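Here is the structure we will look at, set down as structure tokens.
The values are calculated or read from the model by the stated rules, or taken from the named source; none is laboratory data. Computed from a prediction, not measured in an experiment: that's the story for all the values here. FYI the Cβ positions are ideal-geometry reconstructions off the backbone, even for glycines, and counts take in every protein chain you see. Surface areas here come from the heavy atoms of the whole protein model, side chains and all, with no ligands, DNA or RNA. Shrake-Rupley method; radii C 1.70, N 1.55, O 1.52, S 1.80 Å.
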Amino acid sequence: MPLTTSAYTMKSGGEVPLLQQGLVLKHAELKFEVFPAKKQLSGTSTLTLHSETNRTAIAVDLDQVFTISSISINGIKLTNDAYHNDQGLLSMQAPMPLAGDFTVTISYSGSPRVAIKAPWDGGFVWSKTPSGADWIATANQGEGCDLFWPCIDHPFGEPLTADIYITVPNNLKAVSNGVFIDATNNGNTKTFHWQTRSVHNTYGIALNIAPYEKIEQTYHSIFGNEFNVVYYHLPATSEKAKILFAEITPMLDFFERMIGPFPFSQEKAGFVETPHLGMEHQTINAYGNEYRKDAYGFDWLMQHEFAHEWFANQLTAANSDHMWLQEGFGAYMQPLFTQYLHGDMAYKARLFEQRKSLANQFPMVSNKSLEVEQVFDKDNGPGGDVYTKGSLMLHSLRALMGDERFFKAIRLMTYGTDNPQPGHIQPRLGTSNEFIQIVNQLSGQNLQWFFDVYLFQAKLPELVVQRSPSKISLEWKTDNNVAFPMPLEVSINNQRQVLDMSKPQSLSVLPKDVVIIDPDSKVLRYDQAIENYQTFRKEQKEQK
């Protein structure tokens, strides 16, 4: 009976196996041949690895559904008893001591896991275009790169560079990461060669196959450089594709002005139409939102996935427990872009849509080594809060710090410098504590309390308000009585004042005075009206 994808392969991140610790993937040469009619894949991957210490055994991750035909280390073929794929952890005994640089070549074939509901469920998507042609894509954020190539399925396993060769039937085109080098005609098949020139996110390596057409142009950056922008789309969507493509330049203008240079200008800003909703595949963002219109005048899905070039591909969470650095930062870019285009009313409207979805059942950061799916599982982890709560927390942090310091903190976290320049940008791994240190440094004060409540506790701070005919009293209440001295603006009859909320406050009022607390909605806090609304929506859903 054929083997199925194991629980080990279905996870990504988490604890690092001993035989992978300390390895660096310097280069990945990935050769694939895709057989659409059989829904099969064959591959030969040569990994150039580096170890600072001597070792006699190593391991990589590869789904056990594949049959391995051969493995070589430094060109010496291993005997069958020198390697073993245990549930997807492929362990190898080396024929010589390994230190410094060495190569591992693995040839394999089989039927890769089929994604049941991509991109939330990882694997291959075998689909058809409206004209009946093959339309194939990969998506594997939650499950990881080992679903179709041998890799180290952890953020530190990102290949520094890669050459990707994809062989497909000659009526199709294969689109991938990095720069297109050439296409070789083999008769009935064609091989497309792509090359990355920067560190690439492991789950960001992607195969996209269809009878694609493309739109492209040169983008002229405010930083003085130029690079290619390209969108690969289906022939049937040419007119819609042109309209969507026109949105990319304003998005790039926004990101470069608000955050910093496009990180991968030595490659491309790439997009590709896919048979699944979307994913932040580095330099070839997957787009499957079907050209839906948005009341705010741009395709939110494309903008969100494109945001991940900065927050996921340039800045990658060092482990999945810090996923909010990718998803929260990425989700904040939709309200921020809305403000950039339309002003404050639209910005706050979009934020309020996010506010309605918060669960607040688990902390966004647990300080544990988590797998990706443990983070996204709403019954055991923060789930969707890493998007929306992360975004709303950043909104409150921006109000607390002021725009200049806030955006400088974002730049420092994203690039490792507040003066990033094209051609001198290296993708980096980051943690929540690093961001907290940056915020403290730039604000000139210790804001650990802010993150203690929003990041490391589940429940939102609650403002306890008591009003009598002559006064109104306000006091913060938090789980475990954690200090939360968040300043608060109060308007009384249109006269505003900012309260020092490090201690309870009382203000004199008359019975008919109009009191508005936090009139500009700066502070993310508990709201009973939203709790009631969520309960109502849940009851409606259960009735249906």
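Starting from segment 158-176, take each residue that is under 18 Å from residue 128 (Cα atoms) and of a type in the set (A, V, I, L, M) and list its partners that are open to solvent by less than 20 Å² (accessible area, probe 1.4 Å) and in a loop (DSSP other than H, G, I, E, B), counting only C-beta distances under 7 angstrom and pairs at least six apart or across chains.
174/207; 175/212; 175/284
Could you figure out which of (1) open to solvent by 80 Å² or more (accessible area, probe 1.4 Å); (2) among the acidic types (Asp, Glu); (3) over 27 Å from residue 361 (Cα atoms) isn't true of residue 542?
It fails just one condition, (3).
Please identify the pairs in which a residue from segment 481-502 that is within 16 Å of residue 451 (Cβ to Cβ) and of a type in the set (Gly, Ala, Ser) has its Cβ atom under 8 Å from the Cβ atom of a residue that is at pLDDT 95 or above and open to solvent by less than 70 Å² (accessible area, probe 1.4 Å), counting only partners at least 6 apart or on another chain.
Listed by first residue and then by second, the contacts come to 483/449; 483/452.
Go through segment 222-243 and report how many residues are touching a strand residue (DSSP E or B) at 6+ places or on another chain (Cβ under 7 Å) and not in a strand (DSSP E or B).
6
Among the residues in segment 244-257, are any open to solvent by 40 Å² or more (accessible area, probe 1.4 Å), within 17 Å of residue 138 (Cβ to Cβ) and in a loop (DSSP other than H, G, I, E, B)?
no
Tell me which residues, restricted to segment 428-460, are in contact with a His (Cβ under 8 Å, 6 or more places away or on another chain), part of a loop (DSSP other than H, G, I, E, B) and among the small types (Gly, Ala, Ser).
Matches in segment 428-460: none.
Any residue in segment 1-24 that is surrounded by fewer than 14 Cβ atoms within 10 Å (Cβ to Cβ), more than 30 Å from residue 322 (Cα to Cα), hydrophobic (A, V, I, L, M, F, W, C) and at pLDDT below 95?
yes
Mind checking which pairs have a first residue in segment 378-407 that is in a helix (DSSP H, G or I) and a second that is β-branched (Val, Ile, Thr) and buried (at least 18 other Cβ atoms within 10 Å of the Cβ), Cβ under 6 Å, 6 or more apart or different chains?
Close Cβ pairs satisfying both conditions: 396/523.
Just checking, which of 262, 337, 271, 329 is in a loop (DSSP other than H, G, I, E, B) and of a type in the set (Phe, Trp, Tyr)?
After applying the criteria, what remains is 262.
Check 414, 431 and return the single one that is surrounded by fewer than 18 Cβ atoms within 10 Å (Cβ to Cβ), under 29 Å from residue 359 (Cβ atoms) and in contact (Cβ under 8 Å) with a residue 24 or more places away in the chain.
431
Of all residues in segment 164-198 being among the hydroxyl-bearing types (Ser, Thr, Tyr) and part of a strand (DSSP E or B), which is farthest from residue 138 (Cα to Cα)?
184
Could you tell me how many of the residues in segment 321-360 are under 30 Å from residue 11 (Cα atoms), out of contact with any Pro (no Cβ under 8 Å at 6 or more places or on another chain) and among the polar types (S, T, N, Q)?
Summing the residues that are under 30 Å from residue 11 (Cα atoms), out of contact with any Pro (no Cβ under 8 Å at 6 or more places or on another chain) and among the polar types (S, T, N, Q) in segment 321-360 gives 4.
Only residues that are open to solvent by 30 Å² or more (accessible area, probe 1.4 Å) and either outside any strand (DSSP E or B) or among the hydrophobic types (A, V, I, L, M, F, W, C) (or both): list them for segment 25-43, please.
Within segment 25-43, 35, 37, 38, 39 qualify.
Could you pull out every one of the strands (runs of 3 or more DSSP E) wholly within segment 44-163 that has 1 or more residues that are out of contact with any strand residue (DSSP E or B) (no Cβ under 8 Å at 6 or more places or on another chain), modelled with pLDDT of 95 or more and open to solvent by 40 Å² or more (accessible area, probe 1.4 Å)?
Because the criterion is at least 1 residues that are out of contact with any strand residue (DSSP E or B) (no Cβ under 8 Å at 6 or more places or on another chain), modelled with pLDDT of 95 or more and open to solvent by 40 Å² or more (accessible area, probe 1.4 Å), the strands (runs of 3 or more DSSP E) in segment 44-163 that meet it are 83-86.
Which of the residues spanning segment 501-529 are hydrophobic (A, V, I, L, M, F, W, C) and either outside any loop (DSSP other than H, G, I, E, B) or farther than 27 Å from residue 352 by Cα (or both)?
Scanning segment 501-529 gives 507, 509, 510, 515, 516, 517, 529.
For residue 439, work out the one condition from (1) more than 15 Å from residue 410 (Cβ to Cβ); (2) in contact with a helix residue (DSSP H, G or I) (Cβ under 9 Å, 6 or more places away or on another chain); (3) open to solvent by less than 20 Å² (accessible area, probe 1.4 Å); (4) of a type outside the set (Ser, Thr, Tyr) it doesn't fulfil.
Only one criterion in (1) more than 15 Å from residue 410 (Cβ to Cβ); (2) in contact with a helix residue (DSSP H, G or I) (Cβ under 9 Å, 6 or more places away or on another chain); (3) open to solvent by less than 20 Å² (accessible area, probe 1.4 Å); (4) of a type outside the set (Ser, Thr, Tyr) is unmet by residue 439, namely (1).
Answer yes or no as to whether residue 204 is touching a residue at least 24 places away in the same chain (Cβ under 8 Å), surrounded by 21 or more Cβ atoms within 10 Å (Cβ to Cβ) and farther than 22 Å from residue 145 by Cβ.
No, not satisfied.
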